[in-house]
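Working notes, structure below.
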Amino acid sequence: MAKNNKKDQDNEIMIEKESAVDETQSTDIPNENGADAAAEESATDQPTAEEQLAAELASLNDKYLRLYAEFDNYKRRVAKERIELMQTAGKEIIANLLTVVDDFERALKAVEIATEVAPVKEGITLVGQKLKHILTHQGLKEMESIGKPFDAELQEAITNIPAPSDDLKGKVIDEIEKGYFLHGKVLRHAKVVVGS
């Protein structure tokens, strides 16, 4: 009977161990399910790497589109300002030239009724000087070409003629049309005759 008791005790211990293992397993399973559920919840709260990249791409595309639109507006505004500037750039010059036009109209009327040439000539000379003064004030300067060496950057040779003297070879002998600088840059090349 002692053997039976011992076997019964061993069996009871084994049954208790098995039931204890079953209980821990059954309690582990809900914990694992609970942990899985918690992990799933945290995973759904945090975006995946693909979602993060998609969001970053959308943000960068939005910034790009805004920057592109801003630059496009800038170009449009600058073009509009440039057109307005071109339309009004000559306003001051034209306003100054109107006084010269008025003077020329008076001179033409004076020519019709004048009996002497000297006063009319003097008036036209004064109007010409006034015109040159206005243009000089705006940055226009005449080129001085006669007697200077020919320079293709500044002058256009209309023809070559034999030089009257050796020191005039390769130099400008005559000026057919004056050349002008505007603020130091060539506005019109002088048309000249060069000695050869």
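Every read-out reported here was derived from the displayed coordinates using simple, explicitly stated rules and does not represent laboratory data. Just so it is clear, the structure is predicted and the values come from calculations on it, not from any experiment. Heads up, the Cβs are rebuilt from the backbone with ideal geometry, glycines too, and the neighbour counts pull from every protein chain shown.
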Whole-angstrom gap from region 122-136 to region 38-117, using each part's C-alpha centre | 38 Å
Gained length - Phe71 relative to Asp167, 0.36 nm times residue gap less alpha-carbon distance | 28.5 nm
Two-site label geometry, Ser196 and Glu144: point separation in nm, points 7 Å out along Cα→Cβ = 2.8 nm
Counting pairs of alpha carbon atoms under 8 Å apart in space and at least six apart in sequence, what relative contact order in percent does region 44-196 give?
-> 17 percent
Between Asn160 and Val101, what FRET efficiency comes out of the Förster formula 1/(1 + (r/R0)^6) with R0 = 41 Å and r the beta carbon distance, rounded to 0.05?
-> 0.55
Net length gained if the chain between Met86 and Lys121 were fully extended (0.36 nm per residue, minus Cα distance) | 8.9 nm
Roughly how many nanometres apart are two label points built 7 Å out from the Cα toward the Cβ at Lys178 and Glu51?
-> 8.1 nm
Which entries in the list Lys80/Lys141; Lys169/Lys191; Lys130/Lys171 go over 21 Å, if you measure between the two C-alpha atoms of each?
-> Lys80/Lys141; Lys130/Lys171
